[in-house]
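Take a look at the structure below.
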C-alpha cells in the first residue's frame with residue numbers, strides 16, 4: 001500500500017513522527033500509572049492533558065503539510081484542473097489507498113480522543129488534580145480537607161456541582177488561576193469568601209436536605225488550662241440546632257434561619273462579611289417585614305445604595321465546612337486529648353501556647369523555632385523535668401509539629417485568623433455579627449444576644465468541681481478564669497483572639 005505523493009513533505013513527516021511518539025509515550029505512561037503510580041497528579045497531567053495536545057498537533061500537521069505540498073506541486077506543473085484543492089477519484093488505486101488510510105486513522109483517532117477526553121474530564125474533576133497539582137497554592141485547603149467531615153466528598157461536588165454550565169464556568173475560571181500560578185501572581189492567602197461559588201442550595205442541599213433536620217444535640221468539649229498540671233475543664237452543651245421536639249420542624253433553634261417560611265437578608269460593609277450593620281427579616285407567610293440596624297455601626301445611605309444585599313444561606317454560618325484552620329488553643333487541646341501531647345508533662349499547655357502565639361513567615365523556620373524553644377524552656381526553667389522527662393518533651397515537640405502542620409501554613413500566610421470560622425463566637429464574632437444585642441428596629445425590637453437561644457449548658461468545670469444540671473434546668477456559664485461578668489458584656493473574641 002503506497003502513500004500519496006503529497007505526504008512526502010517535511011511538515012507531514014514531522015507531524016506523523018510527533019503523533020506516533022506522543023501516542024507511544026501516552027500508552028507507556030498510562031500503563032505505568034495504572035500499575036505503579038495511580039494517584040500521581042503530575043503523571044495524570046502529562047497523560048491526559050499535555051502529551052495528547054502534542055498528539056493532536058502532530059495529526060494536524062499531516063494534512064496541513066499535504067495541502068501545502070499539493071499547492072506547491074500545482075504551481076510548478078500545468079494540470080487540467082485549475083483548482084487548488086486535491087482531487088478524489090476512488091477508481092484510482094492511490095486515491096483509494098489514501099482514503100482508506102485517512103478514514104481508518106480518523107476512526108482510530110476519534111475512538112482514542114473519546115476515551116482520552118473521558119479520562120481527561122475525570123482527571124480534571126479528581127481530588128488529586130484539585131488538591132495536589134498546584135501544591136504550593138492548594139496545600140492549606142487540601143490538608144484541611146483531608147481532616148474534615150467531607151474528606152470522602154470530591155472537591156467538585158461542592159465547588160462545581162452537576163450540570164454542564166457550571167463545569168464550563170469552573171474551567172474558564174481555572175484558566176486565570178493557572179495563569180496566576182505560573183506567573184506567581186496569586187494572593188497570599190487566597191481571599192474568601194469565594195463570590196463565584198455556586199449557591200449552597202444547589203450543592204450542599206443535595207445531601208443536607210433542609211426538610212430533613214435534626215433536633216437538639218449534646219456536645220461535650222474538653223479544654224486544658226495553662227497551669228502546672230494542665231487541669232481539665234469540660235463543658236457539656238445542649239446545642240439547639242433544631243427544636244426541642246422534632247415534630248416542631250424548623251420553628252425554632254439555630255436552623256430556624258433556613259426555615260422556608262422565613263427570608264433573612266443582610267448587608268455586610270466589607271468583602272469578608274465580618275461586620276453586618278443591616279439585617280432584614282421577612283415572614284413569607286404573613287408578609288411581615290422587620291429591619292434591624294446596628295446602633296454602633298450604622299450603615300450610611302451610600303452604603304445602602306452601593307453594597308450588595310445578600311440572602312442568608314448555609315455558607316453564612318458554615319463558611320468553613322471543609323477547610324477549617326483551628327487556633328492554637330484548640331489544636332493543642334485536641335492533641336492533649338488524644339495523647340499526641342502528653343498531659344503528664346508539667347506546664348505543657350502554657351509552654352506550647354507561648355511559642356505558638358505569633359504568626360510565622362516560613363514553615364522550616366517555624367518548625368525549628370518550636371523544637372528549639374520548647375526544649376530551651378524546659379532546660380532553662382525546669383531542669384529536673386528536662387532531665388527526667390526528656391522523652392515526654394520530645395513527644396510534645398512531635399505532637400506540636402504535627403498539629404501545627406495541619407493548621408498553619410506560613411508560606412501561604414494561612415492560619416485561623418486568615419479564615420475566621422463563623423460557627424460559634426470565640427476567636428471571631430461569628431454569631432455575634434448579628435446577635436450582638438446592638439441590632440434594633442425603629443420600634444425597639446432587638447436581635448437577641450441570649451446564649452440560651454442556641455445552646456444551654458448541661459455540665460461544666462474541673463473534674464473535682466463538676467457542676468451538673470439537666471436538659472431542662474440549664475446552668476449559667478462559668479468562665480475557667482475569674483473575670484466576673486465581663487463575658488456578659490464583651491465579645492469572646494476580644495480576649496480569645498488576643499491569646500494568639
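Checking the a/c ratio against 1.5 first, then a/b against b/c, what shape does the Cα gyration tensor give for the range 212-370?
On the way: a/c = 3.08, a/b = 1.64, b/c = 1.88.
It comes out oblate by the Cα gyration axes.
Kindly rank 342-351, 447-456 from highest to lowest mean number of other beta carbons found within 10 Å of each residue.
Going from most to least packed, we get 342-351, 447-456.
For the range 133-186, what's the radius of gyration and Dmax over Cα atoms, in angstrom?
When restricted to the Cα atoms of the range 133-186, Rg and Dmax are 12.7, 34 Å.
Could you sort the peptides 196-204, 178-186 by per-residue average Cβ neighbour count (10 Å cutoff), highest mean leading?
Put in order of decreasing packing, that is 196-204, 178-186.
What is the Cα convex hull volume of the range 328-412 when expressed per residue in Å³?
79
Sorting check: for 276-282, 171-177, 96-102, which peptide has the highest mean count of neighbouring beta carbons within 10 Å, and how do the rest follow?
276-282, 96-102, 171-177
Mind running the shape call on the range 217-304? Use the C-alpha gyration tensor, a ≥ b ≥ c as the square roots of the eigenvalues: rounded below 1.5 for a/c, prolate if a/b tops b/c, oblate otherwise.
On the way: a/c = 4.12, a/b = 1.42, b/c = 2.90.
It is oblate, given that a/c is not under 1.5 and a/b is not larger than b/c.
Any idea how far the Cα center of the range 120-194 sits from the one of the range 440-500, in Å?
Centre-to-centre distance over Cα atoms comes out at 38 Å.
Which shape class applies to the range 378-500: rounded if a/c is under 1.5, otherwise prolate when a/b exceeds b/c and oblate if not, where a ≥ b ≥ c are the square roots of the Cα gyration tensor eigenvalues?
Here the range 378-500 falls in the oblate category.
Arranged by the count of other C-beta atoms within 10 angstrom, fewest first, what order do 195, 470, 26 take?
195, 470, 26
Got the relative contact order for the chain handy, in percent, Cα pairs under 8 Å and 6 or more residues apart? Let's see the in-between values first.
On the way: 660 pairs, mean separation 68.4, N = 500.
Computed value for the chain: 14 percent relative contact order.
Using only DSSP helix segments of four residues or longer, with each worth -39500 (n - 2.57), what per-residue ellipticity at 222 nm results for the chain after dividing by its residue count and rounding to 500?
On the way: 16 runs with 208 residues, N = 500.
So the helix-based figure for the chain works out to -13000 deg cm²/dmol.
Bear in mind these aren't lab numbers, they're just calculated from the coordinates by the rules spelled out. Values in this document were obtained by computation on a predicted structure and should not be read as measured data. All Cβ positions, glycine included, derive from the backbone under ideal geometry; neighbour counts span all protein chains shown.
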